[in-house]
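These notes concern the structure reproduced below.
The values are calculated or read from the model by the stated rules, or taken from the named source; none is laboratory data. Just so we're clear, the structure is a prediction, and the values are computed from it rather than from any experiment. Neighbour counts run over all protein chains shown; Cβ positions are idealised from the backbone, glycine included. Note: areas computed on protein heavy atoms with side chains; ligands, DNA, RNA excluded. Shrake-Rupley method; radii C 1.70, N 1.55, O 1.52, S 1.80 Å.
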Amino acid sequence: MENFKQIKGKGLPYIIGETLLYNLFIAILIHLVDSYELSNLLKVTLIIINIYELHYILLYNSLACIIDDEKICIKGIFGLKKDIIKIDSILGYQRTKGDIKGIKIYGYGKSYFALGKSIIDDIGIARMYVTSNKDIIYIKTEDMAYAISPEDCDRFEQCLLNKGIKSTTWDYSIRKNTNLHRDKKFLLPLISTTIIILILTLTPFVLYLLDKLPAKMPLSFDANFNPVKIGTGKQFAFKQMTYGVLNMALLFCMYYACYFYAKYDRKSSYRLMYISLLSALIFLVIQGKILFTF
């Protein structure tokens, strides 16, 4: 069994700096925005961003690689993050140095470090565990490439050669068939979001038609949920319907973005649908709180 630590590059200061900037910017927006809906959206966004950034900070600082007779194990975050590559599934490897050229799918994709998943020139889709571009090894399997930057790259390469894994090149082509409508992982968030948006849009309108809304309803709130503008039940119903239409527009944007991303990486494309799902849920909860309170 061989253990390899990662080269420590300049990526960690970048991630920390970006995290601080995001927190400062959103904190200023929360302070300036005097709207209950926008304030809550910003707070949820801030929480998600900090979880996302903390994940990559911990990953960058803890990455290591272990090779034994059967597998290569890339692990980080105290073993919570782990990718296992079976030796007999490896088709070959490439060793490169210098700028990382490609398109980030998610995570971080800079010229000098990359974490997450990217489409790399002449490589294709790759899970990136690269903390420095001083020395990078791409390991190719049937479905995916894996990129690491071990401190002792010569020794790592020799381990691969000793196991019969040879240096090679390979072709990469964009997937043409993206029939996501047959995939349950895509359909579940799509249908769920559509149902939530329909409830969000139709509930206040139906209540208005059934004369279940009070004659006076709050149309807008400050950040502390105090009404700042009062209108009729009809105005309230149409404003809530507008939120539903906006969420439907977001859903359509994510729908077509999924089809675009699926050409490169089908699994990653599903994540986009959860953006519209989260947005719709937030507005539905806010609407429910308003109807329950007033």
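On the protein heavy atoms, probe 1.4 angstrom, tell me the percent of accessible surface of region 1-105 carried by carbon and sulfur.
Solvent-exposed carbon and sulfur of region 1-105 make up 63 percent of the total.
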| message | Contact order normalised by length for the chain, with contacts defined as Cα pairs under 8 Å and 6 or more residues apart; what percent is it? | response | 16
| field | Equivalent ellipsoid semi-axes, region 112-208, via Cα gyration tensor eigenvalues times 5, rooted, Å | value | 45, 17, 11
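Given a Förster distance of 30 Å, report the FRET efficiency between I103 and F225 from their Cβ-Cβ distance, rounded to the nearest 0.05.
0.10
Rounded if a/c is under 1.5, else prolate if a/b beats b/c, else oblate: with a ≥ b ≥ c from the C-alpha gyration tensor eigenvalues square-rooted, which is region 212-294? Before the final figure, lay out each step's value.
Numbers: a/c = 3.78, a/b = 2.83, b/c = 1.33.
Because a/c hits 1.5 or more and a/b exceeds b/c, region 212-294 counts as prolate.
Starting from region 128-172, pick out the GluC sites (Glu not before Pro) whose DSSP state is loop and whose Cβ has at most 11 other Cβ atoms within 10 Å.
E142
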| message | Let's test the formula: R0 of 25 Å, r as the Cβ-Cβ distance of F260 and I48. What FRET efficiency results, to the nearest 0.05? | response | 0.65
| field | Cleavage-rule hits (trypsin sites (Lys or Arg not before Pro)) in region 1-46: DSSP loop, at most 16 neighbouring Cβ within 10 angstrom | value | K8, K10
| request: Check each of the chymotrypsin sites (Phe, Trp or Tyr not before Pro) in region 184-288 and keep only those in coil by DSSP with at most 16 other C-beta atoms within 10 angstrom; list them in order. | output: F225
| task | Could you check how much of the accessible area of region 151-294 is carbon and sulfur, as a whole percent, using a 1.4 Å probe? | result | 62
| request: Quote the relative contact order of region 60-139 in percent (integer), defining contacts as alpha-carbon pairs under 8 Å separated by 6+ residues. | output: 23
| Between V245 and L209, what FRET efficiency comes out of the Förster formula 1/(1 + (r/R0)^6) with R0 = 25 Å and r the beta carbon distance, rounded to 0.05? | 0.90
| field | Correct option for Cα Rg over 2.2 N^0.38 Å [calculated from the coordinates] among (i) 1.17; (ii) 1.27; (iii) 1.07 | value | (ii)
| query | Just how far, in whole angstrom, is region 35-110 from region 144-162 if you go by their alpha carbon centroids? | reply | 18
| To the nearest 10 Å², what's L24's accessible area with a 1.4 Å probe? | 100
| request: First select every other residue whose beta carbon is under 14 angstrom from the beta carbon of L277; then total the charges, Lys and Arg +1, Asp and Glu -1. | output: +2
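Let me know the volume per residue of the alpha-carbon convex hull for region 53-117, in Å³.
Details: hull volume 7.4 nm³, N = 65.
In region 53-117, the Cα hull volume divided by residue count equals 114 Å³.
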| message | For the chain, what does the accessible surface come to per residue with a 1.4 Å probe? Please give it in Å². | response | 55
| field | Accessible surface ranking that places the most exposed of L188, L281, L160 first, with a 1.4 angstrom probe | value | L188, L281, L160
